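The values are calculated or read from the model by the stated rules, or taken from the named source; none is laboratory data. None of these values were measured; they are calculated from a predicted model. Cβ: placed from backbone, ideal geometry, glycine included. Neighbour counts: every protein chain shown. The accessibility values were calculated without ligands, DNA or RNA, using every heavy atom of the protein model including side chains. Shrake-Rupley method; radii C 1.70, N 1.55, O 1.52, S 1.80 Å.
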Amino acid sequence: MTLTVESEPTLRTISGRRLRDLVLDRTGDSSLAHEVDVVSQVLPFKVSSYVVEELIDWGQAPEDAMYRLLFPHRDMLPPEDFAAVEQAMREQDRAGLRATVDGIRDRLNPHPGDQLALNVPQSEDTDGWGLQHKYHETLLVFPRQGQTCHSYCGYCFRWAQFVDRSDLRLAVSGPEVMTQHLLRHPEVTDVLLTGGDPLVMRTELIEQYLRPLLRPEHEHVQTVRIGTKAVSFWPHRVLAGQQAEDLLTLLSQLVDAGKHVALMLHLSHPAELATDAARRALRRLADTGAVLRSQAPVVRHVNDDPDVWARLWKDQVRNGIVPYYMFVERDTGARRYFGLPLARALEIYRGAVKGLSGLGRSARGPVMSASPGKVAIDGVVQLHQGPAFALRFLQHRDPELVGRPFHAVFDPVAQWWDELRPYSEHDREFFAGAAR
Ligand SMILES: *Cc1c(COP(=O)(O)O)cnc(C)c1O
Ligand code: SF4
């Protein structure tokens, strides 16, 4: 009997100046293509052939939500910066363009949440580079080869890692850095492999990180999470070919060994779940025994609509995914384009969940992953001195502060934690944690 193995389709990606050509080709709009060219000098953009052919509705571009998620827009840069880049390009001044671009990037807050200063385990020095151990039970691992994605989201808070400045990179050189840290930290129960997207790595490499967790000395690691947007950007990663089969086998083996394996799927819009390839990918991942969970930020132009989130969560439940987090866009990169007020994020969250059954309401949100911890905005309440945001830490460097309600002065335009003020004396301790 001859065995036919479905072959793995080849991933093609388009980035840099070729994006301009793609937009011109698909829309015929040369001023749109020009904007794409200018903005992509500063912020990283890349699309896979799959998103170009299957996810973007080119008849609706640039208004299509997936187009907005994936392509540059002139409003992502302050107008004066846009003009400066445009001028340097026109003058064909390479050094000037480079300096202009570097200056703009530095002003776009490349490392939000003091990630570099506060979370990298400094006592272990260069060893810890690329690990983030902020909450005592969870270790984040950023493998060097996983610091890219099959496509880039315009709102990505890790954009700085994708641009070609080595001083902005945050990654571990190999699995030993992780295993050494785990030996010293028996309190870690969860390892979260993240990036970028770890599923851009070849399966052999992923195995080098995950197989050691099966050793008896890493018994304390009960949960292995993998953060990924591959189901949206390149579902073929798990559909066909040896790389796919080996990855699924690896996940099953971790499950068989008694680990909880969770795929933390980044899902921004229902369109990402609407293709046959995505649904088959989800089914194959679930068949390994891994749990599928979802998270994404609520952002303008893409999903700032309660009905979109209601559909997204409904479709997730139907496809076996447990909604986990609705995040607030961080203060970095293109936030001027994607960001929205906390009060609006809350309305969207509440508008979305009110029509869903309990299974669709499992996402916590809106949540800010801020410097001191993860803060949920639970609502707006009327107190004796005026309206307040009701807040709660879901995670904090200091576990004593987790789960206790506190209040900030209501601010209808505030978009981030650092714009909030304690409502009363009792609330001060919750705002003091940034330097811990
Ligand atoms: C969100 C996050 C985690 C995981 O938190 P959970 O509440 O367990 O999902 C771990 N580390 C960092 C730095 C995080 O931002
Ligand atoms: S998938 Fe995640 S890491 Fe990759 S570009 Fe999107 S937001 Fe950034």
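Confirm whether GLN161 is within 16 Å of ligand 1 (Cβ to nearest atom), free of Cβ contacts under 8 Å to residues at least 40 places away in the same chain, under 29 Å from LEU340 (Cα atoms) and surrounded by fewer than 22 Cβ atoms within 10 Å (Cβ to Cβ). Criteria met by GLN161. State whether the residues of segment 188-208 include one that is without any contact (Cβ under 8 Å) to a residue 40 or more places away in the chain and touching a Ser or Thr at 6+ places or on another chain (Cβ under 8 Å). No, every residue in segment 188-208 fails to be without any contact (Cβ under 8 Å) to a residue 40 or more places away in the chain and touching a Ser or Thr at 6+ places or on another chain (Cβ under 8 Å). Note on segment 204-240: residues that are more than 16 Å from ligand 1 (Cβ to nearest atom), open to solvent by 10 Å² or more (accessible area, probe 1.4 Å) and within 17 Å of HIS185 (Cα to Cα) total 6.
Looking only at residues in segment 352-394 that are farther than 24 Å from ARG311 by Cβ, over 18 Å from the mean Cα position of the chain (by Cα) and outside any strand (DSSP E or B), the one that is modelled with the lowest pLDDT is PRO372. Among the residues of segment 207-226, those that are away from ligand 2 (no atom under 16 Å from the Cβ), β-branched (Val, Ile, Thr) and under 22 Å from the mean Cα position of the chain (by Cα) comprise THR223, VAL224.
Each residue in segment 182-203 was checked for being within 14 Å of ligand 1 (Cβ to nearest atom) and either buried (at least 23 other Cβ atoms within 10 Å of the Cβ) or over 22 Å from VAL238 (Cα atoms) (or both), and 8 of them qualify. As a summary of the residue check, ALA240 satisfies the conditions (1) at pLDDT 95 or above; (2) assigned to a loop (DSSP other than H, G, I, E, B) except for the one numbered (1).
Tell me yes or no: at least one residue of segment 246-256 is open to solvent by less than 40 Å² (accessible area, probe 1.4 Å) and closer than 18 Å to GLU54 by Cβ. Taking every residue of segment 246-256 in turn, none turns out to be open to solvent by less than 40 Å² (accessible area, probe 1.4 Å) and closer than 18 Å to GLU54 by Cβ. With respect to being at pLDDT below 95, closer than 30 Å to VAL163 by Cα, of a type in the set (Gly, Ala, Ser) and surrounded by 19 or more Cβ atoms within 10 Å (Cβ to Cβ), ALA334 fits the description.
Anything in segment 157-191 that is within 13 Å of ligand 2 (Cβ to nearest atom) and either at pLDDT 95 or above or basic (Lys, Arg) (or both)? List them, or say none.
Selection gives ARG158 alone.
Does segment 196-236 hold any residues that are among the basic types (Lys, Arg) and part of a helix (DSSP H, G or I), and which are they? Once the filter is applied, which keeps residues that are among the basic types (Lys, Arg) and part of a helix (DSSP H, G or I), segment 196-236 yields only ARG211.
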